[in-house]
Every structure is written in C-alpha cells, then in structure tokens.
1. Treat chain B as a sphere of radius equal to its Kirkwood radius over Cα pairs and apply Stokes-Einstein at 20 °C in a medium of 1.002 mPa s; give the translational diffusion coefficient in µm²/s, rounded to a whole number.
2. If each residue of separation counts as 0.36 nm, what is the full-extension length gain between A:E93 and A:E268 once their alpha-carbon separation is subtracted?
3. Counting other Cβ atoms within 10 Å, keep those with at most 13, restrict to DSSP loop, and tell me which trypsin sites (Lys or Arg not before Pro) in the range A:74-112 are left.
4. When DSSP assigns beta bridges and you keep just the ones with both residues in chain A, what percent turn out antiparallel, to the nearest 5?
5. Between A:K170 and residues 5 or more places away or on another chain, which pairs have amide H atoms under 5 Å apart, with H built 1.01 Å from N, and which residues are they?
6. So what's the back-of-envelope 222 nm ellipticity for chain A, counting only DSSP H runs of four-plus at -39500 (n - 2.57) apiece and dividing by all residues, rounded to 500?
7. What residues qualify as long-range amide H neighbours of B:V72, i.e. H under 5 Å apart, gap of 5 or more or another chain, H built at 1.01 Å from N?
8. Sequence neighbours fewer than 8 away in the same chain don't count; with that in mind, list the lysines whose C-alpha is under 21 Å from A:K386.
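Every number here is computed from the coordinates shown, using simple stated rules; none is lab data. All figures in this text were calculated on a predicted structure; none of them were measured in a lab. Here the Cβ positions follow ideal geometry from the backbone for every residue, glycine too, while neighbour counts run over all protein chains shown.
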Amino acid sequence: MSRAPQTMFEKVWNQHQVTAETADTPAVLYIDLHLIHEVTSPQAFSVLRERGLPVRRLDRTLGTMDHSTPTRTEQVFGGAPITVDSAARQVRELETNCAAFGVELFGLRSAQRGVVHIIGPDLGITQPGKTVVCGDSHTSTHGAVGALAFGIGTTEVGHVLATQCLLQRKPRTFAINVSGQLRPGVTAKDLILGIIGKIGVSGGTGHVIEYRGETIQSLDMDGRLTVCNMSIEAGARAGMIAPDETTYAYLSGRPRAPQGTDWDRALERWRALPSDPGAVFDKSVDIDGSALEPMITYGTHPGMVVPITGAIPVKQGDAAFAKSLAYMGFEAGAPIKDQMVNVVFVGSCTNGRLSDLRSAASILRGHKIAKGVQMLVVPGSQQVKKQAEAEGLDKVFIEAGAEWRESGCSMCLGMNGDLVGKGQYSVSTSNRNFEGRQGVGARTLLASPLTAAACAVRGRITDPRELMNG
Amino acid sequence: MEPIKTLRSRTVVLPATNIDTDQIIPARFLTTTTRDGLGKNLFSEWRYEASGTPRGEFALNRPEAQGCQILVAGRNFGCGSSREHAPWALLDYGIRAVISTEIADIFRNNSLKNGLLPVVVDENTSRWLIEHPGADVTIDLESTTLTLPGGERVQFPLEAFSRYCLMNGIDELGFLLGKMDEIKAYESRVEP
C-alpha cells in the first residue's frame with residue numbers, strides 16, 4: 001500500500017466526507033450519531049417546523065434530558081414539580097418535539113436516562129470510527145472510544161436533524177504523548193488537568209487532539225472518557241484515543257453495540273483505525289505522567305491549576321490573574337492545601353461514572369464528612385445509579401453524610417436548582433471553574449473524585465493520599 | 001439572516017482574556033426555548049449588582065458605549081460551552097462583531113451562522129484597540145479588512161464560504177439541503 005500514513009482522525013474524517021472541501025466550500029461531513037437534549041434543541045426543532053422538514057434519520061438520533069432536570073428523587077419520581085418554571089417548560093418542549101418528530105427519548109423517569117455523555121458510551125451506541133455530535137461542548141467525551149466527536153451549536157443541531165450532515169473545515173491534528181505510570185492517588189482527572197495546565201485553555205484551538213502513549217493505553221475506559229471530556233477545556237474541537245482491547249472489552253455485549261457477526265465485522269474495521277506508524281500531526285507535546293500529583297484548580301478557568309501540594313502562583317502585574325484571585329478570595333503565594341471547603345460535588349459528564357463513584361466511596365468508607373460541609377453525589381445516569389446501589393455505594397455516601405441523588409448535570413452548572421451559594425468554596429469533579437458556573441458568586445475548585453471526597457472528610461483542601469488505605 | 005457587507009461603529013472594550021460563554025450568558029438564562037430576549041442578560045454578573053441595578057463602571061454601561069456595535073475583547077473570547085445563546089445574546093443586545101486575537105472554535109462557528117462577525121487580529125492591533133475604547137472602525141467583508149481611525153487597514157482571516165453566506169444573507173441549511181443527492185449516494189455506499 002503506497003498511501004501516506006494517516007492519523008486516526010484523518011481516517012475517520014475521510015470515511016465521512018460526503019463531498020470533500022474545496023477552496024470555496026467546506027466539506028459535507030456525514031454524522032453517524034446525533035445526541036440531543038433539552039437545552040440546545042428547541043430552537044432547532046422550531047427551524048424544522050418553519051421549513052416543514054422532518055428529522056431525516058430517526059435511527060441516528062437519540063434524546064435525553066440532563067441539564068435542567070432536577071436531581072431530588074421526590075421531584076423526579078414524586079409529585080413535586082420542577083421548581084424552575086422555565087426548566088419545566090424546556091423539559092416539556094423536548095418531550096413534545098421528540099413525540100411530534102418521532103425521536104427516541106429517554107424521558108425524566110426512564111431507567112435509561114442520564115447525562116448525554118454518560119449514556120452514549122454506556123449503551124455502546126458510541127463506537128470507534130463513528131462521527132458523533134451533540135449540542136454540547138463536552139461531546140468530546142465520546143472520542144475516548146476512537147470516535148470523532150464534537151460539540152455543535154443549535155443552528156448545526158438543526159442542520160444534522162434535517163440532513164444528517166454538517167459543513168465543516170478540516171481541523172488540524174495535535175498529538176499529546178503521555179508516558180510513565182501515574183502514581184497512586186493520581187487519576188485520569190489529574191492527568192487532564194495537568195495537560196490543560198501545560199498547554200493552556202486555548203492550546204488546542206482549531207485542533208483535534210489524539211491522546212497517545214503508554215499512560216493513556218493503561219487507563220480504563222472510564223478514565224479515558226474523563227480525559228477526552230475535558231479536551232474542550234483546552235479549546236480543542238475534539239479529543240480521541242485509539243481503540244484497543246480495553247475499548248473492545250468495554251463495548252462487547254453493551255445493548256447497542258454490534259452483536260454476533262456484526263461485531264466481528266465491526267472489530268475488523270475498528271482494528272484499522274489507529275494512526276499509522278509515521279503519521280504526521282500538525283503539532284505535538286510530551287507529558288511525563290509519572291511526575292504528576294493530584295491536581296486542583298485555584299482560579300476561574302481550568303488552566304489555573306496546581307499540584308495539591310503546591311501554592312497559588314504569584315504573577316505580578318497581571319490584571320486578569322489578580323481579578324481571578326480576588327473572585328476566588330485567594331492570596332497569591334498561599335498553599336492551596338487547607339483552604340476552606342463548603343460544598344463538595346461528585347458527578348457530571350467528567351466524573352459521574354461508576355468508577356468515579358467507587359473512587360469517592362473508597363475515601364468516604366468509615367468516615368463522616370466534616371461538619372458544615374454539604375456533599376452531593378450525583379450518578380451520571382440512572383444505570384450508573386442502579387449499579388452503584390447494587391454495590392452498596394449509596395449507603396457509603398449516605399452514612400458519611402452526603403446526599404445521594406438522581407442522575408443529571410446537577411451542580412456542574414447552575415440551571416437545575418442544584419446551586420453553590422455566593423462566596424462558597426466548592427470542590428467539584430466537574431469540568432468548569434468559570435465565575436458563576438455553579439451559581440452566582442460560587443467559587444469552584446476542580447479536582448478528582450478522590451480529592452473531592454478527601455476534602456469533604458476534612459472540610460479543607462486535602463491531599464487524598466493522606467486518606468488512602470494501603 | 002440579513003446580508004452584511006460592511007460594519008462601521010465605535011468600539012466597546014472588555015480587555016479580559018478567556019471571556020467564557022458562562023460570562024457572556026450564564027446558564028440560568030438557558031432555560032429558554034426561543035432565540036429572543038437574551039440581550040438583557042448579556043454579561044449579567046458583570047453588568048448588574050445583585051439588586052439588578054446596572055454597575056456604572058462596567059464598560060457596556062457607560063454612556064459612551066451606548067449604540068456601539070463592535071466589541072473588542074482579550075484573547076480567547078467565547079471559550080467554554082457550545083451554547084448558541086452566547087452569540088444570540090450579543091446580537092440581541094446590538095453587538096454585530098467581536099474583535100480579539102483568538103476566538104474559541106465553537107463560538108466562532110455559532111457566530112458565523114447568526115451574522116455576528118468574528119474578527120481575529122494580531123497582537124499589536126488588538127493592543128491598540130484595547131487602549132482606545134470608542135475608536136471608530138470599519139469592518140469590510142469584501143476585502144476582509146478592518147480599517148482603524150487613522151486609515152490603517154488590517155487584514156483578518158474569514159473562511160470563503162462563511163464570507164459568501166454572510167455577504168449574501170444565505171443560511172447554510174439551504175446549501176446542505178441542496179446536497180441531498182450526494183448525501184443519499186453516500187448513505188447507499190456505506191449502508192448497503
């Protein structure tokens with residue numbers, strides 16, 4: 001074979017070009033899977049109505065509700081209404097739209113409902129080599145199985161509903177090579193926070209990242225999903241990880257993964273996906289995974305991150321930095337450890353999977369959370385909730401004094417009633433520490449589930465290794 | 001979408017870097033099901049006191065900023081979420097263009113599809129604009145240039161197809177629907 005070596009991204013891109021890009025027009029890119037939710041779809045359905053268009057491929061479209069849904073059991077399953085009126089309207093509108101257009105929807109009380117980026121991989125509908133889009137920037141999560149997955153706006157949601165295609169210019173490629181073994185207490189979350197700290201919050205702009213190297217290969221699927229999830233926090237269009245035996249073992253037997261001879265054929269295709277030896281990336285960076293410590297953010301974007309043993313940096317004459325520290329109520333040069341904690345949130349599309357809950361529970365078992373700390377544990381999906389309960393994790397959380405909720409985006413973003421108060425410090429396993437993200441005036445510190453649980457126990461920023469057994 | 005060929009306006013400046021979409025339009029305003037009316041909540045936390053009173057010192061609230069259609073912002077404007085509510089809020093408020101040294105990908109895409117011009121300029125031009133709020137500038141799509149008050153013209157990148165759609169008020173859905181034969185041919189090729 002004489003063709004030039006290709007990256008995995010190029011292979012997936014080329015396989016999905018309906019028409020190639022020219023100087024005058026972008027490529028028409030075919031979309032294999034379109035996930036929709038209540039926040040970014042209503043205006044897209046309105047466009048279909050205005051133009052009298054159907055949803056073109058119902059078999060490639062799946063709806064869930066997660067962003068504006070409540071997480072209190074009595075609100076989801078009891079008679080208690082959704083307290084935010086506009087959120088209730090939005091949920092009803094998604095139900096109406098999906099019913100009218102025939103789109104499959106996991107409704108509020110469905111056992112299959114969950115955060116859109118948790119349920120895709122969980123169902124096995126997110127697969128290697130697929131193009132996956134959703135009106136949500138954390139769609140990059142699905143790249144962990146070797147899919148090309150990226151977030152789109154509502155206009156583009158309309159394009160995909162109507163045509164199953166998008167107009168796209170080909171992004172550039174970015175290899176992030178990670179070597180070395182992660183130390184005990186250092187998780188996939190710490191790794192991606194470390195990467196963002198190194199390349200910056202716009203380091204990936206215009207690029208699709210491929211995470212490569214032994215450290216990435218040694219991550220389990222949940223860890224890989226966490227890494228790819230935060231690609232957008234580095235500004236990247238998407239993040240991808242080559243499928244391997246870990247991926248196939250994960251997907252095998254999932255409800256919407258191929259079965260029988262279809263599985264064998266799929267496996268053959270998937271094995272050809274990884275980047276060819278000698279494939280050229282537009283840029284690359286090397287990361288030493290063995291040098292990482294548990295990481296935690298101290299500022300108002302995910303690139304403002306330090307090892308938990310470190311101190312808040314000192315940057316003279318940087319107005320944006322000073323403003324950020326003022327918002328956080330932190331002093332430059334102070335250690336991050338032992339800073340106050342009011343709220344702890346374990347959940348989200350970043351860290352709401354079963355292994356994340358196990359990880360938090362491993363710290364909490366036999367402990368109580370500190371007096372005055374509120375801790376929310378929110379499973380990423382109803383399936384994750386059921387699995388966690390089957391293992392008794394819910395009891396660990398409840399006995400420790402945490403609240404165990406129904407699935408949803410919850411405290412990751414302040415639009416569903418789960419809020420952090422003004423001026424409060426929240427250690428959160430989510431993905432964004434922007435000003436006001438978790439509520440007006442809320443101060444967010446992003447960390448792993450291990451670190452979050454350790455902070456809950458002590459009521460102070462705590463190195464999880466101090467509470468780890470063995 | 002209204003065709004847009006040139007835009008002349010005074011600028012309003014927000015020098016902060018990494019202005020994310022949660023600042024442009026906080027999540028609690030996303031429970032809407034239409035595109036309208038988001039302008040009043042644009043930059044809500046920066047623009048208003050908790051009581052709802054406008055903060056006098058915030059750039060958009062100053063008398064000289066009224067009617068400005070061009071926003072100059074620090075590097076990496078529009079980072080964060082894919083919410084198209086961000087360009088909808090800016091447009092509803094009356095902003096028609098954003099100038100920065102770097103504009104986040106999804107925000108840029110969303111802006112182009114709504115007639116909000118993303119103008120990426122070099123460091124020097126950006127610094128000059130940040131230091132001169134209220135500058136009277138012209139953005140021209142035919143030549144893809146930004147003209148500064150002294151007459152100096154700065155080229156900015158704009159993808160050819162987006163430029164064509166903006167200048168002619170064409171929405172991309174019409175173009176995609178015109179590709180239906182090719183889309184069907186693709187499907188019959190990959191889904192035998």
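1. Working: Rh = 17.6 Å.
In µm²/s, the coefficient rounds to 121.
2. Numbers: separation 175, 0.36 × 175 = 63.00 nm, distance 4.14 nm.
Taking A:E93 through A:E268 to full extension adds about 58.9 nm, to one decimal.
3. Numbers: sites: A:R89, A:R92, A:R109; in loops: A:R109.
Those that pass, being in a loop and sparsely packed, are A:R109.
4. Numbers: 13 of 54 bridges.
Around 25 percent antiparallel, to the nearest 5.
5. For A:K170, whose amide H was placed from the backbone, the distant partners under 5 Å are A:A27.
6. Numbers: 17 runs with 153 residues, N = 470.
Dividing the helical sum by the residues of chain A leaves -9000 deg cm²/dmol.
7. It is B:V12, B:V13, B:L14, B:I99, by chain and number.
8. A:K395
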